[in-house]
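Since the structure comes first, as structure tokens, the remarks are kept for the end.
The values are calculated or read from the model by the stated rules, or taken from the named source; none is laboratory data. A quick note: this is a predicted structure, and the numbers were derived from the prediction, not measured. Glycine gets a Cβ as well: all are built from the backbone with ideal geometry, and neighbour counts include every protein chain shown. Each accessible area value is taken on the protein alone, full model and side chains, heavy atoms only, with ligands, DNA and RNA left out. Shrake-Rupley method; radii C 1.70, N 1.55, O 1.52, S 1.80 Å.
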Amino acid sequence: MGMLAQRYRDGVGVKQSDKKAIELYEMAAKRGHASAQFNLGLFYYAGSHGLTQSFKSGIKYFTLAANQGHSMAQTNLGLMYAIGDGIEQSSKKAVELLEMAAKGGSATAQNNLGQYYSKGMHGLTQSPKRAFEYYVLAAAQGNADAQYNLGVFYCNGAGVEQSYTKAREWLTKAAAQGEEHAIDALKQLDELGV
């Protein structure tokens, strides 16, 4: 049902219809399909595909999907708790959800946890070593932000032995994806001649 909903949402092989897509996603969500719940969460949160924006409904569907181990729902909900976006801010819940998502392979969650450990945010003790570990996991999946962060860590020798060669390697990967900070960092390395 979720696949058919996606086809209606995107107009693949059928006439595009947000109304039909939403009907099918809602049917699948009621039957416990985490991906359908996640998509409805996105649509309500953004107010897209013909749905009126509702943080309450978005959070409801993200929570249903997150409780089933949907890592993208866990990531979105964790980030919402981190900044209090449509929900009461809770660093504890944010970190719990992001850790679950990171274990499930979410590169976004891994990168954010890396940032939290790097800066000692959301109740986590500052640990360049732990930050580096999370950045490595996310960067290996192609996350440009994590690749940039790894490049910075190698430049500065934070949590890892300093290496301009490895810094340049990671910054180049991030820059190839259009990461502006990485592009600027590479220019600075060029100016320094390293």
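A few comments on the model shown:
- Charge dipole magnitude, Cβ of K and R +1, D and E -1 - segment 47-102, Cα centre, debye nearest 20: 140 debye
- A straight Cα-to-Cα reach below 24 Å connects LYS119 with the lysines LYS92, LYS93, LYS103, LYS129, LYS166, LYS173, residues fewer than 8 places away in its own chain not being considered.
- Dimensionless Rg ratio for segment 39-135, taking C-alpha atoms and the 2.2 N^0.38 Å reference: 1.09
- With contacts taken as Cα pairs under 8 Å at a separation of at least 6 residues, segment 1-91 carries a relative contact order of 18 percent.
- Computed on the Cα atoms alone, the convex hull of the chain gives a volume of 123 cubic angstrom per residue.
- Reducing segment 139-190 and segment 39-110 to their Cα centroids gives an inter-centroid distance of 28 Å.
- Over all Cα atoms in segment 91-154, the spread is summed up by Rg and Dmax: 10.5, 31 Å.
- Relative contact order of the chain, pairs being alpha-carbon contacts under 8 Å that are 6 or more residues apart, as %: 9 percent
- In a simple Cβ point-charge model (Lys, Arg +1; Asp, Glu -1; nothing else charged), segment 112-194 has a dipole of about 280 debye relative to its Cα centre.
- Backbone phi angles across segment 101-114, fed through the Karplus curve with coefficients 6.51, -1.76 and 1.60 (θ = phi - 60°), yield HN-Hα couplings of 5, 4, 5, x, x, 6, 5, 5, 5, 4, 5, 5, 5, x Hz in residue order; Gly and Pro are listed as x.
- Extension gain, LYS119 back to MET27 (0.36 nm per residue minus Cα-Cα distance, nm): 28.8 nm
- Highest average first, the peptides 25-38, 177-190 ordered by how many other beta carbon atoms sit within 10 Å of their residues are 25-38, 177-190.
- Each principal axis of the Cα atoms in segment 99-194 has its own extent, and those three values, largest first, are 41, 24, 18 angstrom.
- Residue-normalised accessible area of the chain, given per residue in Å² at a 1.4 Å probe: 53 Å²
- Rounded to the nearest 10 degrees, the inclination of helix 71-83 to the longest alpha-carbon principal axis of the chain is 70 degrees.
- Protein accessible area in segment 115-194, 1.4 Å probe - carbon and sulfur %: 50 percent
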